[in-house]
Every structure is written in structure tokens, then in C-alpha cells.
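The values are calculated or read from the model by the stated rules, or taken from the named source; none is laboratory data. The model shown is predicted, which means the values in this text are computed figures rather than measured ones. Here the Cβ is made from the backbone with ideal geometry for all residues, glycine too, and neighbour counts use every protein chain on show.
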Amino acid sequence: MTTSSPAPADSAGDPTRDKIKTAAQRLFSARGIDGVSVRDIVAAAGLRNGASLHYYFGSKEGLLRELVIDGARKSDSARRRALEGLEAGGAHIGVADIVRLMIEVETGHHAEAEVDPHVGYGHMRFVVALQINHRRILGEALDGVQNTGYLRCLAHIRRALPDLPPQTVNQRLIFMYIMLTTTLAAREAAFETDPTGGRLWSAPDAIDNLVLSITGLLTAPAPDQR
């Protein structure tokens, strides 16, 4: 692995850099992280050799880190804007409201997301691939990245569940995150293979049922309350 330093930050927005990132995320999402080589990324980006990738990102791991940060910032910026609108309405905010906001922002169904409602931000399969075998890279890349929108969402959910033990709520928030990322990753894959989303995601009530399923996970009585 090369140890060269990546290009300076002012190279952001460079067309070649963007082509590498677009090609890499598509490949990582489809094949996983370990199934994609620098050569694969270079070929998919239409470049002649790996020099450009090493110039802009230093290494494959450097590229992974930048993709993680890009996705996290885009998602969280949209979450913050959506939350500001929800909070400004003055109405009671329940668990289902926050769950719906997080899903609709990530899938592009919320106006603040401003992305393709079929694909959303297109990074959920990439995130899941990192979670499975490269949690260190994911954690290190997100260290210090602002995620205030997500934390505000969690705070709303906690306030809406005062009767559940804090430990139970914390466990369920982790389950929620896993369920959200893996389900939306499956949704991305469905739309890639079938423009309609297939039988599941073409159903008009699919998002509503996903909201209800995750809300039920969060709001069910604790085991010792049954």
C-alpha cells in the first residue's frame, strides 16, 4: 500500500477526483470492500493507471475514509434541515415522526434530501459493507465528524420513551440503526436491479410499513414490563 500523502483539500470538486469517488462507491456497494482493487476503481473511472487515485487519496483506505465522511455530512446536513422544519411546527414530536424523518431523508422522499427518491444518497450498501468487515475504518473516519442531526434525532426518541429503562432504549437505538442501514441497503440494491424496486419497494405502503416496523421495535414494552 502506498504511503504517499493525498492531494490538498483544495482539490475537492476536481472532475477526476469526483469520477474516482463515484466509481469507487458504486463498486464497493456492489462487491464489498475487499472485492474491489485499486485497479478495478481506476478502470471503472476511465483512468489509465492508479497514479490519480494515489495522488488524490493516498491509498484505497484514504479513499474509503473520504467516502464515509462525504456520505455522513450529506445525510446529517439534510437531517438537521428536516429537524428544524419539524421542530418549528410546534406540534408534539413522537417516535414515528423521527423514524419517518430519518427514513425519508435517507431515501430522498423528504424535500430536504434533494436526491433521487429511488436511490437516495446511494451509500447504504457501502456503509453496511464497512460495518461487516471494516468497522475500524468506519469508526476512525467518523471520529470528529459532526453528526448533530442524528444525535438530535436520538434525543427526541429518548424523550418520547420515558417509561422504558435507559439501557433498553440504548439497545433498541442500536437495533434501529442496524435495521435502518441494512433495510435501506437492500432497498438500494432492489432499485439497481429493477427500476421499479421490485414487488416490495414498488408497493405504495412500503415506506409506511418500514416506519411502523421500526417504531414498533422502539416502543414495545421492555421484557420485564410484559
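Quick notes
The rows are residues; the columns are (1) more than 19 Å from P162 (Cβ to Cβ); (2) in contact (Cβ under 8 Å) with a residue 12 or more places away in the chain; (3) crowded, with 16+ Cβ neighbours inside 10 Å.
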position: F191; (1), (2), (3): yes, yes, yes
position: P195; (1), (2), (3): yes, yes, no
position: W201; (1), (2), (3): yes, yes, yes
position: P204; (1), (2), (3): yes, no, no
position: I207; (1), (2), (3): yes, yes, yes
position: G216; (1), (2), (3): no, no, no
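- Flag: S77 matches the condition of being among the polar types (S, T, N, Q), in contact (Cβ under 8 Å) with a residue 60 or more places away in the chain, part of a helix (DSSP H, G or I) and in the same structural domain as C153 (by TED's automatic domain parsing).
- Filtering L130, L161, L180 for residues that are surrounded by 15 or more Cβ atoms within 10 Å (Cβ to Cβ) and within 18 Å of G32 (Cα to Cα) leaves a single hit, L130.
- For the stretch 67-85, the candidate set comprises residues that are of a type in the set (D, E, K, R) and surrounded by fewer than 20 Cβ atoms within 10 Å (Cβ to Cβ); within that set, the residue that is nearest to D40 (Cα to Cα) is D70.
- Among the residues of the stretch 27-53, those that are touching a residue at least 40 places away in the same chain (Cβ under 8 Å) and of a type outside the set (A, V, I, L, M) comprise F28, S29, G32, D34.
- Taken over the stretch 46-66, the criterion of being buried (at least 18 other Cβ atoms within 10 Å of the Cβ) and more than 25 Å from R136 (Cβ to Cβ) is satisfied by S52 alone.
- Flag if I98 is over 14 Å from the mean Cα position of the chain (by Cα), buried (at least 17 other Cβ atoms within 10 Å of the Cβ) and among the hydrophobic types (A, V, I, L, M, F, W, C): yes
- Any hit, the stretch 32-55, residues being touching an Asp or Glu at 6+ places or on another chain (Cβ under 9 Å) and outside the structural domain of V127 (by TED's automatic domain parsing): no
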